[in-house]
């Protein structure tokens, strides 16, 4: 685990000293040789002493200079400490966890060095394939997968995934890393690619990856056979995977639309529309329309690209059982066609269950004019999400930020904050929940607390998600009228994460947004 590697690097743990004089005392933390404390990071300290409990989250610069504890004489102390240590040689920083203990005599004054030992974190929800993601991620698994596929005359399944991406987590838990593995995976070498890490950029550019998850099936030479954008659910994914190596979709999409049958063109248009590749879907819609296709996929693709009230009414009448696929187009029409949008949402609610039902209830809340009624619908959606959690931690993780969003929409902001804080603690090696928490706290007009969450997000982030975390921190600093500091945060992140010009990756968009903070008033 990561804390063993940190201990090996540090050689010795941090020093924790306690000095007292009568009823006054001060606890100080120091870095081990070769390391330094990240002063702007947050130290998390929990102490039990004399039957009393103390929990503090403070900048490490504060605990380095001394934290007042009051009367401590004649007590036994125990507790836990989390500090961020930075290697002076490499400049890399890492959160570390330690267990503290010590006994203090009744002397009027004195000092002791507390015992500090590595503390293995309490077992919590397990993140799916955690070694794949993080600042030290590589694409070695890709090369290994291709080598194995060549040796076995098999295929490679490239999973372009992100640690913060909900459908990516569900796909990993239900299929790619399920135990036991689905039979449909036989013959495939699975390679997960951390899309936030710079090592992924060349692969994303080569396979034209625009959204996550995208699963690309390729032969041993890297030639694409098929792809799935998004995650349609376990059964639908496995059906696709069982025929992916023979799937004609990639070849058809490379063809001239005029050479493809109209109904097939409609199917291709719908595939592209679901992946939000609207520009690419256009020519296939035109071919299907010109050829007189009448299959439902043409209407679905048309409505996805250009929602109209007339088509929405047609879908309500002719495709009610597929409402989940088209009902969300009502969001763009609700202001002028409220009743029609509400009918669409009602059908989605009637024909879904589980997590999809929660999505449909959210839609119903969005198109509801009465604010109190909308909050009830959001609360029902939150209850639906929560009722489906608990049996599979890796899968459940995917829904935690969504559940927090629903709590907030329902007016239960404190529940949303509590959930994200707990999730941040459960998953300390990624910025996902701290970033969501920072945005939530800023919306709740708590910028000081938001800054603490954003600090943690930046400390835990890497690659593209570092750019996103830095942008959030810069925004919060600006809200606190600290724009010059925002510019420093932006500059540091931009220097840390670069992408070659010409590579078609999201990084350029994130860098462009972050660059705006370099303009100081």
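The values are calculated or read from the model by the stated rules, or taken from the named source; none is laboratory data. In this text the structure is predicted, and so the values were computed from the model without any measurement. All Cβ positions, glycine included, derive from the backbone under ideal geometry; neighbour counts span all protein chains shown.
Take the residues in the range 16-33 that are modelled with pLDDT of 85 or more and part of a loop (DSSP other than H, G, I, E, B), then tell me which one is farthest from residue 458 (Cα to Cα).
33
What number of residues in the range 441-457 are surrounded by fewer than 23 Cβ atoms within 10 Å (Cβ to Cβ) and in a helix (DSSP H, G or I)?
Qualifying residue count for the region: 8.
I need a count of the residues in the range 333-361 that are surrounded by fewer than 16 Cβ atoms within 10 Å (Cβ to Cβ) and in a helix (DSSP H, G or I).
5
Which one of 261, 246 is surrounded by fewer than 17 Cβ atoms within 10 Å (Cβ to Cβ) and modelled with pLDDT under 95?
The unique qualifying residue is 246.
So residue 176 ticks every box in (1) more than 22 Å from residue 389 (Cβ to Cβ); (2) surrounded by 14 or more Cβ atoms within 10 Å (Cβ to Cβ); (3) modelled with pLDDT under 95 but one. Which box is left unticked?
Against the list (1) more than 22 Å from residue 389 (Cβ to Cβ); (2) surrounded by 14 or more Cβ atoms within 10 Å (Cβ to Cβ); (3) modelled with pLDDT under 95, residue 176 comes up short only on (1).
Answer yes or no: is there a residue in the range 393-400 that is over 21 Å from residue 438 (Cα atoms), more than 20 Å from the chain's Cα centre (by Cα) and surrounded by fewer than 20 Cβ atoms within 10 Å (Cβ to Cβ).
no
Specify which of the listed residues (137, 141, 181) is in a helix (DSSP H, G or I) and either under 21 Å from residue 504 (Cα atoms) or at pLDDT below 95 (or both).
Residue meeting the stated conditions: 141.
Filter the range 169-178 for residues that are in a helix (DSSP H, G or I) and either more than 20 Å from residue 427 (Cβ to Cβ) or touching a strand residue (DSSP E or B) at 6+ places or on another chain (Cβ under 9 Å) (or both) and give the result.
169, 171, 172, 175, 176
Residue-wise test of (1) touching a strand residue (DSSP E or B) at 6+ places or on another chain (Cβ under 8 Å); (2) over 20 Å from residue 472 (Cα atoms); (3) in a helix (DSSP H, G or I).
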position	(1), (2), (3)
378	no, yes, yes
396	no, yes, yes
408	no, no, yes
421	no, no, yes
430	no, no, no
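Sort out for me the strands (runs of 3 or more DSSP E) sitting completely within the range 36-111 that have 1 or more residues that are buried (at least 18 other Cβ atoms within 10 Å of the Cβ), modelled with pLDDT of 80 or more and under 27 Å from the mean Cα position of the chain (by Cα).
Filter on the range 36-111 gives 42-49, 76-87, 93-103.
Considering only residues that are over 18 Å from residue 239 (Cα atoms) and either free of Cβ contacts under 8 Å to residues at least 24 places away in the same chain or in a loop (DSSP other than H, G, I, E, B) (or both), which ones fall in the range 184-205?
195, 196, 197
Which one of 509, 473 is surrounded by 15 or more Cβ atoms within 10 Å (Cβ to Cβ) and either farther than 26 Å from residue 411 by Cβ or at pLDDT 95 or above (or both)?
473
Report the residue count in the range 304-332 for those that are in a helix (DSSP H, G or I), more than 29 Å from the chain's Cα centre (by Cα) and closer than 15 Å to residue 272 by Cβ.
0
Could you identify the single residue in 420, 361 that is under 24 Å from residue 325 (Cα atoms) and not assigned by TED's automatic domain parsing to the domain that holds residue 172?
The match here is 361.
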